[in-house]
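Note sheet for the following structure.
Laboratory data are not the source of any read-out in this text; all were calculated from the coordinates shown. Fair warning: this is a prediction, and the values are worked out from it, not measured in the lab. All Cβ positions, glycine included, derive from the backbone under ideal geometry; neighbour counts span all protein chains shown.
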Amino acid sequence: MTRPAPAPSRVGGQGAGLAYAISAYGLWGFLPGFFLLLAPASPWEIVAFRILMSLGFCALLLTLTRGWRGFIGLSRQWRVLGMMALAGVLIYVNWQVFVLATLGGHVVEGALGYFINPIITVALGVVVLRERLRPLQWAAVGISVLAIVVIAVGYGAFPWIALALALSFGFYGFIKKRVGAQVDAVSGLTLETAWLTPVAIVQLLVTGATVGLTFGNAGPVHAALMIATGVITATPLLLFAAAARRLPLVALGLTQYLAPVLQFLTGVLLLHEPMPTGRWIGFGLVWLALVLLTVDMLRAARSGRRASLPTA
């Protein structure tokens, strides 16, 4: 009697997925510094260029990888078009709020949004998927709500930037996970930016008619950086999509803390944004919630592995 051949190992795929995830979140962590280099461009001009240059970069990738046939096939599926249109709206909100926050001196609050994002992901499981939370997850959600209240009271303003970023990217990640097996990273981002192209054109027209466009008027280096927004924007999104298709949610969840840590350090150490006592307490509560959430994820993953072991 011959023994069955062993199942193919997924270590290589998960190893590549981990590298993709770390690269994506690392690039996102340094985005505030890049956008500050684009001054004196307005946030609306920057986001419009992000959309148009990302679309051009994706079109180039489809050409180089001979992916146009698959892209056209996806574009004929109405469900895929609808999901990518919704993803486009969500990522547009995320991009615009993030650039507004960065150029407006609110990098720390933007980092708070991405610290809260894992909690939003857990809440989505309850609201959308009707999942039941484990005790540590309930504790993490409750502490996060308390943290938002403490920050709002202590800082004297509701943290709408943080919540807008957390909600928009949380729902965006949820949609990308739902269509991940059907839509490849390049085709998905191409569809998203194609839907947003009319918005980008209108933004450029309105900006040009009001405050004026800086592209072409602020020197060749500035123009080159504006063009590079396509690569800077698309690359981490493509890496994130590739990681989401290869990694379990636990591993993907652990790597996502890298981006807000880098953004927080940028805001506090480099840009010297104010950190009053109330904000420190609020951030401390968020970090405590993330510790509980991480412990819960690791325990759940360990229990799942133990349950999957063959019995004697």
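Distance from the Cα centre of the stretch 114-173 to that of the stretch 44-84, in angstrom?
31
Given the -39500 (n - 2.57) contribution per DSSP H run of 4+ residues, what per-residue ellipticity at 222 nm results for the chain, rounded to the nearest 500 deg cm²/dmol?
That comes out to -26500 deg cm²/dmol.
From the square roots a ≥ b ≥ c of the eigenvalues of the alpha-carbon gyration tensor of the stretch 33-131, which class results: rounded (a/c under 1.5), prolate (a/b over b/c), or oblate?
Note, shape of the stretch 33-131 comes out oblate.
Please express the shape of the chain as an equivalent ellipsoid: the semi-axes are the square roots of 5 times the eigenvalues of the C-alpha gyration tensor, given largest first in whole angstrom. Provide the component values of the computation, followed by the final result.
On the way: eigenvalues 218, 161, 55 Å².
Semi-axes (√(5λ), whole Å): 33, 28, 17.
Which cross-chain or sequence-distant (5 or more) residues have an amide H under 5 Å from the amide H of E273, H modelled 1.01 Å from N in plane?
Under 5 Å from the amide H of E273: V268.
Mean Kyte-Doolittle of at least -1.0 plus a Cα span of 20 Å or more along the axis: flag which DSSP H helices in the chain meet both, please. Display every interim value, and only then the final one.
Numbers: long enough: 11-29 (27 Å, 0.70); 43-64 (31 Å, 1.69); 78-103 (37 Å, 1.55); 107-127 (29 Å, 1.75); 135-155 (30 Å, 1.92); 160-179 (28 Å, 1.11); 185-210 (36 Å, 1.27); 220-246 (40 Å, 1.25); 277-308 (46 Å, 0.61).
Flagged H segments are 11-29, 43-64, 78-103, 107-127, 135-155, 160-179, 185-210, 220-246, 277-308.
Only Cα pairs under 8 Å and at least 6 apart count here; give the relative contact order of the stretch 25-300 as a rounded whole percent. Intermediate results must be reported in sequence, preceding the final value.
On the way: 331 pairs, mean separation 113.2, N = 276.
That works out to 41 percent.
Let a ≥ b ≥ c be the square roots of the eigenvalues of the Cα gyration tensor of the stretch 126-285; is it rounded (a/c under 1.5), or, if not, prolate (a/b larger than b/c) or oblate?
oblate
Quick check on the stretch 96-173: take the gyration tensor over C-alpha atoms, sort the square-rooted eigenvalues as a ≥ b ≥ c, and tell me if it's rounded (a/c under 1.5), prolate or oblate.
Here the stretch 96-173 falls in the oblate category.
With r as the distance between the Cβ atoms of N217 and R134 and R0 = 51 Å, compute the FRET efficiency 1/(1 + (r/R0)^6) and round to 0.05. Before the final figure, lay out the partial values.
On the way: r = 56 Å, r/R0 = 1.09.
My answer for the efficiency is 0.35.
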